[in-house]
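Novice: For reference, the structure I am asking about is given below.
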């Protein structure tokens with residue numbers, strides 16, 4: 001990488017890009033923080049070994065170690081609860097990624113460490129367990145796809161001259177940077193030129209799902225960052241981009257009344273980042289980004305009166321990204337499109353809300369134990385934004401095509417390899433529940449009036465869900481419409 005970097009020369013029209021770090025690496029602090037992030041959870045894991053024992057499938061003998069280390073026979077999809085796999089492990093990957101990134105290392109090194117530490121956890125700390133394929137993927141994928149956008153957002157308020165409010169903002173998105181800035185003397189005296197769009201909104205929407213309607217309170221945060229000087233300052237440009245220069249983070253939460261109790265009826269997280277590619281910009285303000293990138297999508301939506309939820313977490317591992325932009329004095333248009341290869345954990349809606357599987361224990365598959373499947377597939381997404389004076393319009397579409405992975409389940413045949421015993425195959429419906437297909441299509445249309453920092457927006461959203469297994473098919477749709485007060489800066 002060092003040799004390759006030394007051979008890259010920018011075009012004559014390209015301005016010198018700003019450094020995205022303080023220019024120094026801090027190996028000792030990185031190792032110390034990694035040790036803490038590994039040691040504290042490991043201590044908790046072994047102090048609660050009686051709760052972890054349900055997953056103990058291996059011994060401490062050489063035969064077990066040999067099989068685990070030198071073959072793929074023990075690689076399995078685990079049966080942990082959905083949010084442990086879909087949320088906790090990506091968050092752990094973000095922590096590992098930020099430890100390395102905020103100590104001065106590149107996104108590539110941070111990603112390698114996030115994946116590597118996941119391997120150490122699965123093979124060393126959890127040595128009594130079969131290594132979990134889904135955990136190995138989600139740790140590193142979450143580190144890059146979520147961690148890099150958070151890191152880039154945190155840089156917006158860093159520098160040598162910052163206020164207490166700046167430090168709080170940095171801490172919200174890049175807490176390790178905020179901690180390091182409390183004792184390290186910064187070498188960056190000026191903040192780099194960065195284009196950013198930060199929207200914070202709250203409102204009320206009416207949602208129709210399963211032939212019923214309910215009112216929900218909506219809150220969202222949507223941040224776009226382009227840490228490319230040419231995009232921020234204008235002028236002709238044509239050069240390679242740095243990893244993370246185009247990043248986005250969107251978080252949405254909804255509160256709704258379920259049987260007289262107000263709870264979180266929907267929670268969504270979406271992030272994406274460009275890894276490498278090229279950006280071309282004309283002197284007039286027309287831009288074209290062609291890149292490869294990664295993304296992450298998490299959704300947990302209540303469907304009917306607290307009895308059923310649609311849950312999915314998708315690691316968009318790699319795929320092409322494109323952005324075309326035109327910026328003029330009176331208007332701005334930006335169009336984004338991307339396609340990704342996916343690994344996902346997704347609710348098998350075809351069996352909801354009353355799945356026919358035997359209740360655990362024993363544990364055989366994630367479908368039998370918690371109603372979701374491990375899947376691979378593809379995602380296509382597009383987004384169009386138009387700004388004309390105070391008026392703003394935005395359309396976003398996502399489509400996910402996912403198919404169940406049928407190999408490497410914990411004990412798909414109920415043949416007794418589970419430590420809790422077996423259920424005879426003849427009475428175990430989990431044996432035949434393979435070949436499940438899940439499709440999700442999501443759309444959002446937003447129209448707003450933004451004369452200053454504060455504005456108003458109308459929003460409508462919808463989803464089409466289709467789940468099938470053999471001749472069984474189930475489809476669920478929902479539509480929401482509402483209004484928001486929006487703060488943009």
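Novice: Would you work out the relative contact order for the stretch 259-322, in percent, from Cα pairs under 8 angstrom that are 6 or more residues apart? Don't jump to the answer; show the numbers that get you there.
Specialist: Numbers: 117 pairs, mean separation 21.3, N = 64.
Relative contact order for the stretch 259-322 comes out at 33 percent.
Novice: State, as an integer percentage, the relative contact order of the chain based on alpha-carbon contacts under 8 Å between residues 6 or more apart. Show your work: numbers first, answer last.
Specialist: Working: 1152 pairs, mean separation 58.2, N = 489.
It comes to 12 percent, rounded to a whole number.
Novice: For the chain, take the longest principal axis of its alpha carbons; what is the angle in degrees between that and the long axis of helix 164-173, to the nearest 10 within 0 to 90?
Specialist: 40 degrees
Novice: Only counting other Cβ atoms within 10 Å, I'd like 373, 436 sorted with the fewest neighbours first. Walk me through the numbers before you get to the answer.
Specialist: Numbers: 373 28, 436 23.
Fewest to most other Cβ atoms nearby, the residues stand as 436, 373.
Novice: When you count, for each residue, the other Cβ atoms within 10 Å and take the mean per peptide, how do 142-148, 389-395, 378-384 rank with the highest first? If you can, show how the numbers build up before the last one.
Specialist: Numbers: 142-148: 30.4, 389-395: 14.9, 378-384: 17.4.
Top of the packing list down: 142-148, 378-384, 389-395.
Novice: Once a ≥ b ≥ c are taken as the square roots of the eigenvalues of the Cα gyration tensor of the stretch 60-215, is the result rounded (a/c under 1.5), prolate (a/b larger than b/c) or oblate (a/b not larger than b/c)? Working shown, then result.
Specialist: Numbers: a/c = 3.21, a/b = 1.32, b/c = 2.43.
Since a/c reaches 1.5 but b/c is at least a/b, the shape of the stretch 60-215 is classed as oblate.
Novice: Order these peptides, 276-284, 478-486, by their mean beta-carbon neighbour count within 10 angstrom, highest first.
Specialist: Packing order, densest peptide first, comes out as 478-486, 276-284.
Novice: Oh, and also: Could you work out [θ]222 nm for the chain from helices alone, using -39500 (n - 2.57) per DSSP H run of at least four and dividing by all its residues? Round to the nearest 500 deg cm²/dmol.
Specialist: Numbers: 11 runs with 115 residues, N = 489.
After summing the helix terms and dividing by residue count, I get -7000 deg cm²/dmol.
Novice: Specify whether the C-alpha gyration tensor of the stretch 112-169 places it in the rounded, prolate or oblate class, a ≥ b ≥ c being the square roots of the eigenvalues: rounded for a/c under 1.5, otherwise prolate if a/b is larger than b/c and oblate if not.
Specialist: On the way: a/c = 4.30, a/b = 3.08, b/c = 1.40.
Cα axes put the stretch 112-169 in the prolate bin.
Novice: Give the angle, between 0 and 90 degrees and rounded to the nearest 10, that separates the Cα long axis of helix 89-101 from the longest principal axis of the Cα atoms of the chain.
Specialist: Rounded to the nearest ten degrees, it is 40.
Novice: Sorted by average packing, counted as other Cβ atoms within 10 angstrom per residue and highest first, what order do 33-39, 461-467 take?
Specialist: On the way: 33-39: 15.1, 461-467: 19.1.
Top of the packing list down: 461-467, 33-39.
Novice: Can I ask one more? Report, in whole Å, the centroid distance computed from the Cα atoms of the stretch 217-240 and the stretch 282-305.
Specialist: Centre-to-centre distance over Cα atoms comes out at 13 Å.
Novice: When only alpha-carbon atoms are used, what values of Rg and Dmax, in angstrom, describe the stretch 258-317?
Specialist: Considering the stretch 258-317 through its Cα atoms, Rg and Dmax are 19.0, 58 Å.
Novice: Now for a different question. Which values of log₁₀ I(q)/I(0), to two decimal places, follow from the Debye formula for the stretch 195-353 at q = 0.13 Å⁻¹ with a uniform point scatterer at every Cα?
Specialist: Reported log10 I(q)/I(0), two decimals: -0.75.
Novice: For residue 233 and residue 197, calculate 0.36 nm times their separation in residues minus their Cα-Cα distance, and state this gained length in nm to one decimal. Before the final figure, lay out the partial values.
Specialist: Details: separation 36, 0.36 × 36 = 12.96 nm, distance 1.48 nm.
Between residue 233 and residue 197, full extension yields 11.5 nm more.
Novice: Got a sec? How would 97, 449, 372, 489 order by Cβ neighbour count within 10 Å, fewest to most? Intermediate results must be reported in sequence, preceding the final value.
Specialist: Working: 97 32, 449 13, 372 23, 489 10.
The most exposed by this proxy come first: 489, 449, 372, 97.
Quick note: the coordinates plus some simple rules give every number you see, no bench work behind them. Values in this document were obtained by computation on a predicted structure and should not be read as measured data. In this analysis, Cβ positions are derived from the backbone assuming ideal geometry, glycine residues included, and neighbour counts consider all displayed protein chains.
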